[in-house]
Structures are given as structure tokens and as C-alpha cells.
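Read the figures in this text as sums done on the coordinates, not as results from a lab. The structure presented is a predicted model; accordingly, all values stated were derived computationally and were not measured. Positions of Cβ are generated from backbone atoms using ideal geometry, with glycine treated the same way; all protein chains shown enter the neighbour counts.
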Amino acid sequence: MPTRLAICCWILLAGVAITPASASDDKPAQRNVRLTYTCDLAKLPVDAKVVDLWIPIPSDNERQTIRLVNGDALGPGRITVDKKFGNRMYYRRFTAADLPGADSAGDNRAPLKVEFVYDVEVREATVAAAKELISTRQETPAPEFAPYLGDSSMIPIQGRITALASEMNLPPGEPLRAGRKIYDYLIDTMVYNYVARGAGTGNAVWACDSKTGDCTDYHSVFIGVCRSRGIPADHVFGLPIPPDKPEGIIKFCHCWARFWVADVGWIPIDASRADKYPADREYYFGTLGSTWITLAHGRDVVLEPPQQGKPINMFDEPYAEVDGHPLAHVAWQGHYQDRPATPPAP
């Protein structure tokens, strides 16, 4: 979603088996890359006194292993974790003494750059129960699932979302099969269009009515309908590393969803990709490929330390405040390059 999220548009996954199940040969079971992630703060006011910067940091999970290579070069910032979702982030406060001087025009300060270098191993993960579409039971989720059951600013549960859930006639007490029915409904009724007016913010009501949008919009509907039926569901954001290119530039994120089923765990789905690539419809229900590096998850994120602005709709890119006011945009870019697999420990 070129507006913010992904042109094609964690934490993962309790109870997931790592398997080489792939819809086609262009989806490798494992990927090893050197990832360089650069954040540029430009057009800072000359009279800026304090700049607070938060940058999402990818974490280890059951599908990926992350090693920060240049941690010693990052300066006096620190890595923090948000209290609601557990996202890691790099936080740094720049005072006037830390900030660069005026640019050549004298209107703003010169750009400020922060760069991260990671070695990443990412593996394809498949939930076998999702492929088999087994019968499952629905139970009251434990308290820690509360963040994945309620409203968010762009996903109100009551009203349009609840009405849509009723229209679907979801199988009661069968959360896995209900998730599959919602997934199929989105593919069958929505039309992928990332440039549609209104696309890209993950507004579930807008997506229900327009029946179009990008990855954020598809998955906001999925999450809303799941939650309206008491099924925990979550939004996940990641960086693309296309398998057909051993090296490339990353300018946008992509997102998918996951939903939780008792005795199975978290199940990933990617309805927007399945809609764009119909041959992979079965693949994208229950499989998350090695072509995405998971970056962050959740909606309405309160950063750590908390920002002065409102909660972040999607923490898929860096966020900054200048003297307590949100900076309109923080530029970022990724670069990946394939590297040899890490040898096993002796």
C-alpha cells in the first residue's frame, strides 16, 4: 500500500511447526539475508529543541532469528518494549546539542540518519491443522488475549462488522473453520486495489462497504469479524524479501493477519495475497513464507516511552515527535542481500 503500508500491501506463532510446505518452487523454505534498515529525519525545524524517535525493531520468534550487527554504533539510544503488544523498538531522544545544524537553504536542519544492520534467518512456517481444516473447539481466551478481542480506532466491532459476521453464517463453536470461511469470503467478494481512495489505513468499516483496498483493509475486516465472534485476531506487519531477487531495496511493508484457536495456537492468513495470486489460495491459509521479515504487530500502539501524540494506528515504520508534536513523516528504506546460511553450532 504505497500510502503507508505495502505495495504488495509477532509473537508468531505459538504451536506452529516449521515445514517446507510451499505452493510453488519460488517460495524457499529458508532465507538468510543481510538487512540494512535506514531511517532519515529530514525537514526538522531549525528551532527544534527536542526530537524523540522510535524505530520498530524485528524480534526473534519461532519463524525468524535476528542478530543486530552494528549495535555498538547506534549511539546513546536504547531498545524498549511496548507494554500492550510486546513490540521491540529503538528509542532515542535528541536534544538541541545533538541535532545537526541548518541545511544549505537555512530553512531546516540538515537530515539526521540512523542505520541498523541485521543478519536475518527467516523460515517458512505452516500450521498443519489449518491445512487439514480440523474440527476445533472455542473456549474463553485467557486474559492475555484481551488486546486481540476488542475494538481499535479503525476496527469497531459493533455495527457494520457485527452485521457482516451475521451475514456470513459462521459455524458456531468452530473457530478454525470460521476463520477459513471469513478468509474465503474476503477473497470471493473483495477486489484488491491499493490505490482506491480510502485504501491503506485499515478502516474495517470502509473496507466492508467499498469491498476493495489493500492488505491492511482486507485484514482489518478479517480481524473485526473474528473478534466479533470471540476469536482473538491480530494484525502483523513485515518487510518483503522477494525470492526472485538475491538483493534489493525495500520501500514498503506488507501485512497479514493471524487468529488464535484453542489447542492449535496462532494461525497466519494472507487474504490479500491470495486474492492477487489465486493459485496460492490454499497456501496463504495457514502458511507464512520465508519472503517476509516480521517487524511489528497490533493496532493503536502506545510506544515505550509513551509518545505525546495519539496511539499509532500501525507501527510499521519509524515515528518521531519534535518538541512533543508528531513529525509528519519519517523516511525509511531497507536493503537486503542474500548471505550464506549460518552453520550449526558445534
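For residue 144 and residue 162 in one chain, what is 0.36 nm times their gap in residues minus the Cα-Cα distance, to one decimal in nm?
4.2 nm
Find how much the distance from residue 338 to residue 193 grows on full extension, using 0.36 nm per residue of separation minus their present alpha carbon separation; answer in nm with one decimal.
Once the chain is fully extended between residue 338 and residue 193, it gains 49.1 nm.
Which value in deg cm²/dmol, rounded to the nearest 500, describes the helix-derived mean residue ellipticity at 222 nm for the chain, given -39,500 (n - 2.57) per DSSP H run of n ≥ 4 and division by the residue count?
Helices in the chain give a 222 nm mean residue ellipticity of -4500 deg cm²/dmol.
Of 123, 34, how do they rank once you tally other Cβ atoms within 10 Å and put the fewest first?
Fewest-to-most Cβ neighbours within 10 Å comes out as 34, 123.
If the limit is 18 Å between Cα atoms, which of 83/310; 131/181; 49/84 go over it?
In this structure, 49/84 exceed 18 Å between Cα atoms.
Test of understanding: what is the full-extension gain from residue 29 to residue 68, defined as 0.36 nm times their sequence separation minus their Cα-Cα distance?
Result for the pair: 11.8 nm of gain on full extension.
Using Cβ contacts closer than 10 Å as the measure, can you line up 187, 293, 249 from fewest to most?
249, 187, 293
What's the FRET efficiency of residue 323 with residue 209 using the Cβ-Cβ distance as r and R₀ = 56 Å, to the nearest 0.05?
E(calc), rounded to 0.05, equals 0.90.
Can you tell me the equivalent ellipsoid semi-axes for the stretch 243-316? Use √(5λ) from the Cα gyration tensor, largest first, whole Å.
Computed over the stretch 243-316, the values are 26, 19, 11 Å.
By count of other Cβ within 10 Å, fewest leading, how are 210, 220 ordered?
210, 220
Find the eigenvalues of the gyration tensor of the Cα atoms of the stretch 125-297, then list the square roots of 5 times those eigenvalues as equivalent ellipsoid semi-axes, largest first, in whole angstrom.
For the stretch 125-297, the ellipsoid semi-axes come out as 24, 19, 15 Å.
Diagonalise the Cα gyration tensor of the chain and give the resulting equivalent ellipsoid semi-axes, square root of 5 times each eigenvalue, largest first, whole Å.
34, 24, 18
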